[in-house]
Amino acid sequence: MNSDGVVVDEAVRAAWDTYRILEKRTPAKERQEAQQRVKAAMDSVGREEVSRGTVFLVGVLTGYLIAEPPGGGKQLDPLNDLIPAVIRRLPSFEAADPEEVPMVTGVLMAAAMGMDTVAWRDRFGAIEPKEAMVHGFVLWLLADLFDSLVGKPGTIDELLRETFGTMGTSEG
C-alpha cells in the first residue's frame, strides 16, 4: 500500500468492474468477465489495492458531480445535496453495514473538499472487506446519480471505459 494516494491502474479498473457487477443493466456475459477481472486483479495486486481503487473512483465521481453538473443542471452542493443523497440511499443495499457509514461519509467529505481521497483514507489503516463493500455501493450510487442527471443510463460507464481504453488498461 502506498501512502501517497497512488493506486495501481489495474486496481482502479477492477474497482470500476465492481460497479459493472452491481449494475443490473450490465449484460450477463460482461458481468461474468468483470467478475473474472476483479478476481484476477485481487490475485495480482491484492484486495486492499482494489479497495483503494474504489476509494479513488469515489473521489473522481464526486469531483465530476460537484465541479460541473452532468447535463448542465444546477450545481450540486456537496454538503446539502450530494452527500446526504448518497448516504440516505445506502440502506437500500442490505449488505451495507451501518458501522461503515462514518468512514464512507469521510471519504465523500474529503472528495468534496478537493482532497486526495486515497491519501485521506490511507491514514486510517487497512480497508476491511465490509468497508470495501460499502465503498462499492457508494460508487454505484454516485454513478447512478451521474446518469440520472445526464438523463441517459450508462453514460458514466461509457465515459470511464473510454478513459480506461486511452490509458491502455485491459478491457478483457
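The values are calculated or read from the model by the stated rules, or taken from the named source; none is laboratory data. All values derive from a computational prediction rather than experimental measurement. Note: ideal-geometry Cβ built from the backbone for every residue, glycine included; neighbour counts use all protein chains shown. In case anyone asks, the SASA skips ligands and DNA or RNA and just uses the protein heavy atoms, side chains included. Shrake-Rupley method; radii C 1.70, N 1.55, O 1.52, S 1.80 Å.
Would you check if there is a residue in segment 106-117 being charged (D, E, K, R) and without any contact (Cβ under 8 Å) to a residue 60 or more places away in the chain? Give the derivation first.
Within segment 106-117, the subset charged (D, E, K, R) is 116.
Checking the rest, the ones that are also without any contact (Cβ under 8 Å) to a residue 60 or more places away in the chain come to none.
No; the residues of segment 106-117 include none that is charged (D, E, K, R) and without any contact (Cβ under 8 Å) to a residue 60 or more places away in the chain.
Could you say whether any residue in segment 127-145 is farther than 18 Å from T26 by Cα, charged (D, E, K, R), in a helix (DSSP H, G or I) and open to solvent by 30 Å² or more (accessible area, probe 1.4 Å)? Working first, answer last.
Narrowing segment 127-145 to residues farther than 18 Å from T26 by Cα: 127-135.
Next, only the ones that are charged (D, E, K, R) stay: 128, 130-131.
Next cut, in a helix (DSSP H, G or I) only: 130-131.
Of the ones still in play, those that are also open to solvent by 30 Å² or more (accessible area, probe 1.4 Å) are 130.
Taking every residue of segment 127-145 in turn, at least one turns out to be farther than 18 Å from T26 by Cα, charged (D, E, K, R), in a helix (DSSP H, G or I) and open to solvent by 30 Å² or more (accessible area, probe 1.4 Å).
Could you tell me which residue of segment 146-167 is surrounded by the fewest Cβ atoms within 10 Å (Cβ to Cβ), considering only residues that are farther than 13 Å from W16 by Cα and hydrophobic (A, V, I, L, M, F, W, C)?
If we take residues in segment 146-167 being farther than 13 Å from W16 by Cα and hydrophobic (A, V, I, L, M, F, W, C), then M167 is surrounded by the fewest Cβ atoms within 10 Å (Cβ to Cβ).
Out of all the residues in segment 70-84, is one or more closer than 22 Å to K152 by Cβ and touching a Phe, Trp or Tyr at 6+ places or on another chain (Cβ under 8 Å)?
Scanning segment 70-84, I find at least one residue that is closer than 22 Å to K152 by Cβ and touching a Phe, Trp or Tyr at 6+ places or on another chain (Cβ under 8 Å), so the answer is yes.
Between a first residue in segment 154-169 that is polar (S, T, N, Q) and a second residue that is in a helix (DSSP H, G or I) and modelled with pLDDT of 85 or more, which pairs have beta carbons less than 7 Å apart while being 6 or more apart in sequence or on different chains?
Close Cβ pairs (under 7 Å, with a partner that is in a helix (DSSP H, G or I) and modelled with pLDDT of 85 or more) amount to T155/F146; T155/D147; T169/D9; T169/E10; T169/R13.
Taking segment 148-158 as the region of interest, how many residues are assigned to a helix (DSSP H, G or I) and either of a type in the set (G, A, S) or under 14 Å from the mean Cα position of the chain (by Cα) (or both)? Before you say what the answer is, go through the steps one by one.
Looking only at segment 148-158, we keep the residues that are assigned to a helix (DSSP H, G or I), and these are 148-150, 155-158.
If we keep only those that are either of a type in the set (G, A, S) or under 14 Å from the mean Cα position of the chain (by Cα) (or both) too, we end up with 148, 156-157.
Final tally of qualifying residues: 3.
Name the pairs whose Cβ atoms lie under 8 Å apart, with the first residue in segment 80-98 and under 17 Å from A110 (Cβ atoms) and of a type in the set (A, V, I, L, M), the second at pLDDT below 90 and outside any helix (DSSP H, G or I), and 6 or more positions between them or separate chains?
From residues that are under 17 Å from A110 (Cβ atoms) and of a type in the set (A, V, I, L, M), the pairs are L82/L76.
For segment 35-93, what are the residues that are charged (D, E, K, R) and open to solvent by 20 Å² or more (accessible area, probe 1.4 Å)? Lay out the reasoning, then the answer.
Just the residues of segment 35-93 that are charged (D, E, K, R), to begin with: 37, 39, 43, 47-49, 52, 68, 74, 77, 81, 88-89.
Result: R37, K39, D43, R47, E48, E68, K74, D77, D81, R88, R89.
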